[in-house]
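What follows is a set of notes on a single structure, which appears directly below.
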Amino acid sequence: MMENPTSSVQSDYTFTPSQDWFTFNIDTWRTLFNLVKPSPRILEIGSWEGRSAVFLLKELCADGGEVVCLDHFDLMATAAGRERYRKLEHNLTLTGKKFSIIDEFSVPGLMRLLHEHIQSKSSGFDWVYVDGSHEADDTFLDGELAWRLANKGAVIIFDDYHWDVEDEESIHHPKRGIDAFLALHDGEYERLSSPSQYQLILQKKSDMRIGFLLKDVQEVQVDDDAFGYSMNIALTINEDYAMPAAVTVQGLVDHNEGKLRIYILDCGISESSRKKLASAAAERQGVSMLFLELPKDSLTAEHGAVWAKLDMLRVLPVERVLYLDGDTLIRKPIMDLWRTDLQGKSCAAALDVGFPMAHEGIERKPYFNAGVMLLDLAKIRLSIDKLFGLAKDKGISKFTFKDQDVLNEHFNGDWIKISLTWNATGLGTYADLPSHDRLAIDFEELKDPAIIHFTGPVHPDAAVVLNPWVQPYTAKPWGYAGSPKHPFQAQWWATLERTAWQGYRQSAEYKEMMIEQKEKAIQSAIRAMENRLAEVNADT
């Protein structure tokens, strides 16, 4: 263990004996070293002559690392400032360790470090010591800018939390600024110091985030997080789909970084299910969930939840949204889908694997599945009355696939095709059946998809289960019959186990549902057979 750099043995260090505001912290700091990774980067705001910086270089950086010291030194305009700079540089040089000095006020100096980080992609800091200005607002700014440079897991120390020169509630005391910083980042750190300690010590628990880009840096890449943008996701859910929708939300959270705003159009969800859904969104910073009410004159209220994705177009408080059905499973990042260039069109969607050229009863043309759609709501709303008119005139009474048929007719010529990796349907069943229309399908896109869409009924009737021409049948994983041979059924259940519905598959509720729904399907088949026999016998 090194000797205290303020001792007489270290005679080559040039510290002013009457200006030792650091040594009493040494024992506490040493207890924190085990929290810091090897060869750490250290940022020190307010270095004076370098007592703390020398200590950190000799002990914390004994096997590698560096310190960056930030102090204004009176901007070298005074003899005292120049002398402090000389002493700091001399003392740091004696350690034989790597260091740099920024002779600026903290805010421009920290901005320089932020700029350098963006330009060079240097690593962040693992130890941050804030001991600059005692003004509350300055301390808050120092903490906030340094926070953006700090790596996840970094130890952050604010000095003078209980400074006795000014009243602690004064704007001239650092505590007021530190408390504001703590309130802003509540939930993103672990507090390591006791309330009575002179210094306030934290360990950062959130990821590093710079928060902006530089205009003059060549080849700037789009960074949604830096620009403050979010991916806007929309689902339309009633109580029956609350549980499967949690799988969709969990997949979004698991596989996507950055900001996510998830809008749920509430078509009848219990308060308990709302809380369970929201718990998945609450797993990490940057994910929010907002429940929206149906419009008073909604199609859903009058004709059922199948029309909710039209109703949502009127109430979503955004101009661009990715719509997902509640029976989807997200397996990969979807940022590339979100950034799809719509080329001036209203919608982006994938071909329907079951009916890639539409189905009987509507015009033959490329036909998309409406379970995953990227939508330009600003453009769509210019003709929304026409869309709702089509739904009321033809969709409700004439179209087989209701909302999907309406959307295909309305967006005829106004949508672009995206890869089936973003909406993989029919896996393990009808996607494998030969069809002339499926010559338009690129089946390579279905091999390792990003979004699985479990089409088909939740609880298939007996005719579907017994149909020898379409086997395995199509159904949802959580229904009484499951999704036999579906390659991602097990992954759906595994994801459900990470939600607030954990354990559902082993529950009495699930087992009772399986028995009840299976019996309903059997009894329905018996009645259908009896009715058919009665019709035949009546004809004879």
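Count the net charge of all other residues whose Cβ sits under 10 Å from the Cβ of Ala358, scoring Lys and Arg as +1 and Asp and Glu as -1.
On the way: positive: Arg364, Lys365; negative: Asp352, Glu360, Glu363, Asp405, Glu409, Asp437.
Every neighbour counted, the sum reads -4.
May I ask for the equivalent-ellipsoid semi-axes of the range 339-398, computed as the square root of five times each C-alpha gyration tensor eigenvalue and listed largest first in whole Å? Don't skip to the answer; put the middle values down first.
Numbers: eigenvalues 86, 70, 15 Å².
Over the Cα atoms of the range 339-398, the semi-axes work out to 21, 19, 9 Å.
Counting other Cβ atoms within 10 Å of each Cβ, which trypsin sites (Lys or Arg not before Pro) in the range 120-222 have at most 10 and sit in a DSSP loop? Could the numbers behind the result be given before it?
Values: sites: Lys121, Arg148, Lys152, Lys175, Arg176, Arg191, Lys204, Lys205, Arg209, Lys215; in loops: Lys121, Lys205, Arg209, Lys215.
Answer by residue number: Lys121, Lys215.
Rounded to the nearest 0.05, what FRET efficiency do Arg30 and Arg148 give with R0 = 25 Å and r taken as the Cβ-Cβ distance? Could you check?
Values: r = 27 Å, r/R0 = 1.10.
It comes out at approximately 0.35.
Can you give the extra length, in nm with one decimal, that the chain gains between Thr93 and Lys394 once fully stretched, where that is 0.36 nm per residue apart less the Cα-Cα distance? Walk me through the intermediate numbers first.
Working: separation 301, 0.36 × 301 = 108.36 nm, distance 8.17 nm.
Result for the pair: 100.2 nm of gain on full extension.
In the chain, carbon and sulfur make up what percent of the accessible area (probe 1.4 Å)?
Numbers: 13270 of 25730 Å².
Of the solvent-accessible surface of the chain, carbon and sulfur hold 52 percent.
Rg and Dmax of the range 229-422, Cα atoms, in Å?
16.0, 48
Of the listed peptides 352-359, 336-343, what is their order by residue-averaged count of other C-beta atoms within 10 Å, with the highest listed first?
Numbers: 352-359: 20.9, 336-343: 13.9.
Sorting 352-359, 336-343 by mean packing, highest first, produces 352-359, 336-343.
Got the relative contact order for the chain handy, in percent, Cα pairs under 8 Å and 6 or more residues apart?
On the way: 922 pairs, mean separation 46.3, N = 540.
After rounding, I find 9 percent.
How charged is the neighbourhood of Ser435? Take every other residue with its Cβ under 14 Å from the Cβ of Ser435, and add Lys/Arg as +1 and Asp/Glu as -1. Could the numbers behind the result be given before it?
Details: positive: Arg364, Arg438; negative: Asp352, Glu360, Asp432, Asp437.
My count for the surroundings of Ser435 gives -2.
Could you give the length gained by full extension between Ser193 and Leu292, i.e. 0.36 nm per residue of separation minus their alpha carbon distance, to one decimal place?
Details: separation 99, 0.36 × 99 = 35.64 nm, distance 4.20 nm.
Gain on extension, Ser193 to Leu292, equals 31.4 nm.
Take the Cα pairs of the range 23-204, get the Kirkwood Rh, then feed it into Stokes-Einstein at 20 °C and 1.002 mPa s and tell me D in µm²/s.
On the way: Rh = 16.5 Å.
Translational diffusion coefficient: 130 µm²/s.
What's the ranking of 388-394, 513-519, 236-242 by average number of surrounding C-beta atoms within 10 Å, highest first? Mind dumping the intermediate values first?
Working: 388-394: 16.1, 513-519: 13.9, 236-242: 21.0.
Ranked by mean Cβ neighbours within 10 Å, highest first: 236-242, 388-394, 513-519.
May I ask you to compute the full-extension gain from Ser272 to Gln343, defined as 0.36 nm times their residue separation minus their alpha-carbon distance, rounded to one decimal in nm? Walk me through the numbers on the way to the answer.
Values: separation 71, 0.36 × 71 = 25.56 nm, distance 4.15 nm.
Contour length minus Cα-Cα distance gives 21.4 nm.
Using a 7 Å offset from Cα along Cα-Cβ at Glu444, what residues in the range 351-375 end up with backbone N under 18 Å from the label point?
351
Relative to the compact globular guide of 2.2 N^0.38 Å, what is the alpha carbon radius of gyration of the range 295-382, as a ratio? Write out the running numbers ahead of the final one.
Working: Rg = 14.3 Å, N = 88, 2.2 N^0.38 = 12.1 Å.
So the range 295-382 has a normalised radius of gyration of 1.19.
Please list, in chain and number order, the residues 5+ apart from Gly153 or on another chain whose amide H is under 5 Å from its amide H, with Hs placed from the backbone.
Those lying under 5 Å, H to H, from Gly153 are Lys204, Lys205, Ser206.
With each label point set 7 Å from Cα along the Cα-Cβ vector, what nm distance links His162 and Ala80?
So the two model labels end up 2.9 nm from each other.
Would you mind estimating how fast the range 449-540 diffuses translationally, via Stokes-Einstein at 37 °C and 0.692 mPa s with the Kirkwood radius over Cα pairs, in µm²/s? Before the final figure, lay out each step's value.
Working: Rh = 15.1 Å.
Using the Kirkwood radius from Cα pairs, D works out to 217 µm²/s.
So, in Å, what gap is there between the alpha-carbon centers of the range 240-292 and the range 458-504?
So the separation of the two Cα centres works out to 22 Å.
What accessible area per residue comes out for the chain, rounded to a whole number of Å², with a 1.4 Å probe? Provide the component values of the computation, followed by the final result.
Numbers: 25730 Å² over 540 residues.
So the chain comes to 48 Å² accessible per residue, rounded to a whole number.
Each label point is 7 Å from the Cα along the Cα-to-Cβ direction; what then is the distance between the points at Arg381 and Ile210, in nm?
3.4
Suppose each label sits 7 Å from its Cα in the direction of the beta carbon; what would the Thr23-Ile515 distance come out to in nanometres?
In this crude label model, Thr23 to Ile515 measures out at 7.9 nm.
Just to be sure I understand the curve: with the Debye formula and one point per C-alpha of the chain, what is log10 I(q)/I(0) at q = 0.13 Å⁻¹?
-1.20
The values are calculated or read from the model by the stated rules, or taken from the named source; none is laboratory data. Since the model is a prediction, treat every value here as computed from it, not as a measurement. FYI the Cβ positions are ideal-geometry reconstructions off the backbone, even for glycines, and counts take in every protein chain you see. Note: areas computed on protein heavy atoms with side chains; ligands, DNA, RNA excluded. Shrake-Rupley method; radii C 1.70, N 1.55, O 1.52, S 1.80 Å.
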